[in-house]
1. So if we plug the beta-carbon distance of Glu553 and Lys10 into 1/(1 + (r/R0)^6) with R0 = 60 Å, what FRET efficiency do we get, rounded to 0.05?
2. Only sites in a loop by DSSP and with at most 14 other Cβ atoms within 10 Å count here; which trypsin sites (Lys or Arg not before Pro) in region 546-627 make the cut?
3. Once you've got the Cα coordinates, tell me which of Lys348/Lys520; Lys151/Lys588; Lys29/Lys247 are over 32 Å apart.
4. What shape does region 141-215 take by its C-alpha gyration tensor, where a ≥ b ≥ c are the square roots of the eigenvalues and a/c under 1.5 counts as rounded, a/b above b/c as prolate, and the rest as oblate?
5. Per 10 Å bin, what is the whole-percent P(r) computed from every C-alpha pair distance within region 119-162?
6. Could you bin all the Cα-Cα distances of region 300-341 into 5 Å bins starting at 0 and give me the percent of pairs in each, rounded to whole numbers?
7. Can you list the trypsin sites (Lys or Arg not before Pro) in region 83-141 that are in a DSSP coil and have 11 or fewer other beta carbons within 10 angstrom?
8. Taking the Cα centre of the chain as the origin and placing charges on Cβ (Lys, Arg +1; Asp, Glu -1), which of Gly249, Ile513, Leu102 is farthest toward the positive end of the dipole?
Amino acid sequence: MGTILQSIPKEAEVTKIEYEGPRIAIYTKNPRYLMDHNDVISNMVNVIKKRIVVRTEDSIRKPEEEARQILTQMLPKEAELASTFFDTAIGEVTIELKRPWLCHNNQAFNLPELVEKTGWRARIRKVCKNQSQTLQTINYNLKISSSERAKHLRQCGEQIFRPKLSEDAEVSLLTLGGFSQVGRSCMLLTTHESKILIDCGINPGARSPIEAYPRLDWTNITLDELDAVVISHAHLDHAGFLPVLFKYGYKGPVYCSEPTLPMMNLIQLDAIKVAAAQGKVPLYSERDVKQVMKQTITLPYGTVTDISPDIKLVLSNAGHILGSATCHFHVGNGDHNFVYTGDLKYGKTMLLESASWQFPRVETLLIESTYGAKEDIQPSREEVEATFTKSVNETLRNGGKVLIPIPAVGRAQELMMVIDQYMKSGQLVESPVFMEGMIQEATSIHEAYPEYLSRELRQKILETEDNPFDSEYFTNIEHADAREEPLREGSCIIIATSGMLEGGPVLEYFKNIAPIQKNKILFVSYQVNGTLGRRVLDGARQVSIVGKEGKIEVININCSTEKLDGFSGHSDYNQLMSFVYKLRPKLKRVIVNHGERRKSENLSSSIHRMFRIPTVCPQVEEAIRLL
Ligand SMILES: [Zn+2]
């Protein structure tokens, strides 16, 4: 810290230097100086190899109301200021504008001047038409806990930058869930210095607790021993158990990408509601989810971040859902590089870019194998879109309804874009599209992070007023009373959560739609073994579901059912193999997870045969020495 202070010119008026989680925060009374001389900071980063952020000193920050008035005067009128959020813990204001593009490349508007005049660092974002409730809740919780958070960040920093105990490198991976199975993804990465928990999910199809949750009990460590938890993406099978760690007093940080925080909070809070509706005791409470918000440190893609004395983390786009990340762990001084793909889509979709594969080095790759069997070849996007329109048109023309059970996050937004595009072009019969259950909310979060979306979509949202998520075909059903309209006589498309028919509003539609022959249930996402969705897909003609107040209802399935694979957010067998083929330099070892046993084994042996790389296909409760 002393060296940093000495190398900064007096004019910068630096008052203090503090840890802020994985970064070092430099507080200044003259932010303008460091903005105008940004080489001062970049030179320092090169020397100390740590992330540095410049913060404004408390005393120069104008009170919020005054700062807002200054902003209103300085921002271009036509950009339309919609809202502001002042984060007091870090002295940063988020400015939401209707037309943010009017600020970029605008001579009249000067960001450093704005910072100088208000004393607040500024971040400009585009406002969403439907403001995300989740983001508002997060902002509110961040605000009321700002001193608690500032303290937490300081403590995290002290832990991360503590002196190393030994120079010996030794790296192991303990499998706690999601190996030779899909669901409850979880593992522990250990070195002499650190213990990092990676993902912490539940298995939605499991019936017994021993199968449903990660085997943290098997590791024999306490939560206090964990340096960090890293979450690859928001799905329940990767982050659904995380709030339970907080329930039992986890004090450390959680790292994930920026959109993953609101996405996982949304899903975690929904899981509480779903459990209550099924008459089950929820695993955790809303309070635990709020604690997740407070202790999470979000990272943009591509930023090297110290998360413990000997581990650096870089998140990159995994192409699976908004914010999904491959996690690159760099151990020691280049002693070992471990890449965990998380759920991976190596192929472009309408919503997202294809997964990144340019890692500076990888010795061990841990890859998912949802579609790891040889026969798991998905049709091309053109083919699947053609099959989709044909199948949906058939039912609509017969006066039937198409029910698409869908996870709120990812597939829903992808499908919205496909439906909008094909209806506009006339290839899909124009009909009302009803959506229910978190889809609208998840869509708002997508709109809040356009920089994480595919290039074309980002451009449409950021630089034009033509936003495909706002299409006139879609009607959001907000209350159960409004279901009358979609269930009335006549053809329509209904998209509802959850994706595997395990709870959620989709069940209400399912009860009405399944018994009628001219209707169709169309699955577009993976159906985990043991879920109702899987049983329906496997041809069950009668199922019983637990309704309100624990009453069992028997449903006859007379409608047709169909599954379309090409919309998946997972790579197919060929894409998984191409991804491995792309990686350079040559891998030393590949570990396979996240697949039914037979699929994981097949991918493991295929990689071994094709690329002559040692592969492992472990089960849960195994320890693998990486170095
Ligand atoms: Zn996933």
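1. In this case the efficiency is close to 0.20.
2. Filter output for region 546-627: Lys551, Lys586, Arg612.
3. Pairs exceeding 32 Å: Lys151/Lys588; Lys29/Lys247.
4. It is oblate, given that a/c is not under 1.5 and a/b is not larger than b/c.
5. 21, 34, 33, 11, 1
6. 6, 26, 28, 22, 11, 5, 1
7. Lys129
8. The residue sitting most towards the positive pole is Gly249.
Every number here is computed from the coordinates shown, using simple stated rules; none is lab data. Because the structure is a prediction, the values reported are computed rather than measured. In this analysis, Cβ positions are derived from the backbone assuming ideal geometry, glycine residues included, and neighbour counts consider all displayed protein chains.
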